[in-house]
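The values are calculated or read from the model by the stated rules, or taken from the named source; none is laboratory data. Computed from a predicted structure; not experimentally measured. Virtual Cβ from ideal backbone geometry, glycine too; neighbours counted across all protein chains shown. We work out accessible area using only protein heavy atoms, side chains counted, and drop any ligands, DNA or RNA first. Shrake-Rupley method; radii C 1.70, N 1.55, O 1.52, S 1.80 Å.
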Amino acid sequence: NCAMTDMAKLLGCSHLVANSVPMKVVIDGLEVDGVFMETAEGTDINRLKKDDPIFQANFKSFENPEALQQMVDLQVLDFICGNVDRHLGNMLYQFKKKKFGGVTFAGIKGIDNDCSFGTPDVVNGKDLMQLIKVDKMKFITKNMVRSLENIKEPMLKMKLAHHHLSPDEIIITTGGSEAIM
């Protein structure tokens, strides 16, 4: 969670994930490492209430290009961080009320990012169930491309050092995409 928060900050898209920070927790008298994740705003589709704004949405509600770009950026961030647990229940959907009724899809917030980084078992496919492979990504935003171009491996290692990630978890590679938004 915390390493993904820091990676999102490096890429200029910290608004896409709930901020997480390390903390100490006392359990049965023992102090252990823990994580505090901020409370994020939005609709949780696994816990819908009668008054949730999603029930006012229609197809036109989802024609907001900025919100769609957020979805693309979150998918890229998940790929970069190796987050294998992004699914509909690990995102909060944000809506804004329209002046004359109805709602507009305003954005998303990724939560429960604790399956980020790590070293997945690529041979057996374990830990890759939700990870979108780079050859399946059709878009990447211009802002994300610029942010990625500015990250250099020494800086990345320095910024993420306190998370105690292995060298395999911090590797800079190059790749392409079919379209840029």
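Points worth noting:
- Highest mean packing comes first when the peptides 92-103, 144-155 are listed by Cβ atoms within 10 Å, giving 92-103, 144-155.
- Exposure rank, largest accessible area first [R86, R47; 1.4 Å]: R47, R86
- Relative contact order computed over the range 20-82 (Cα-Cα under 8 Å; 6+ residues apart), in percent: 18
- Over 30 Å (Cα to Cα) - which of K50/K136; K24/K138; K96/K142; K97/K152 fall in this group: K50/K136; K24/K138; K97/K152
- Normalised by 2.2 N^0.38 Å, where N is the number of residues, the C-alpha radius of gyration of the range 21-108 stands at 1.41.
- Tilt relative to the chain, helix 65-81 - C-alpha long axis, 0 to 90 degrees, to 10: 20
- Averaged over residues, the count of other Cβ atoms within 10 Å places the peptides 3-14, 53-64 in the sequence 3-14, 53-64, highest first.
- For G107, residues with placed amide H under 5 Å, excluding near neighbours: Q94
- Dipole axis of the chain (+1 Lys, Arg; -1 Asp, Glu on Cβ), positive-most option in F117, Q69, V17: Q69
- Over the range 12-61, the alpha carbon radius of gyration divided by the compact-protein estimate 2.2 N^0.38 Å works out to 1.76.
- The alpha carbons of the chain stretch over 52, 51, 32 Å along the principal axes, in descending order.
- All aspartates and glutamates inside 13 Å of K157 as judged from Cα atoms, apart from same-chain residues fewer than 8 positions distant: D6, D168, E169
- Rounded to the nearest 20 debye, the dipole magnitude of the chain is 900 debye, with +1 charges on Lys and Arg beta carbons, -1 on Asp and Glu beta carbons, and the Cα centre as origin.
- Mean Cβ count within 10 Å, highest first, over the residues of peptides 79-85, 107-113: 107-113, 79-85
- Dividing the mean sequence gap of close Cα pairs (under 8 Å, 6+ apart) by how many residues the chain holds gives a relative contact order of 24 percent.
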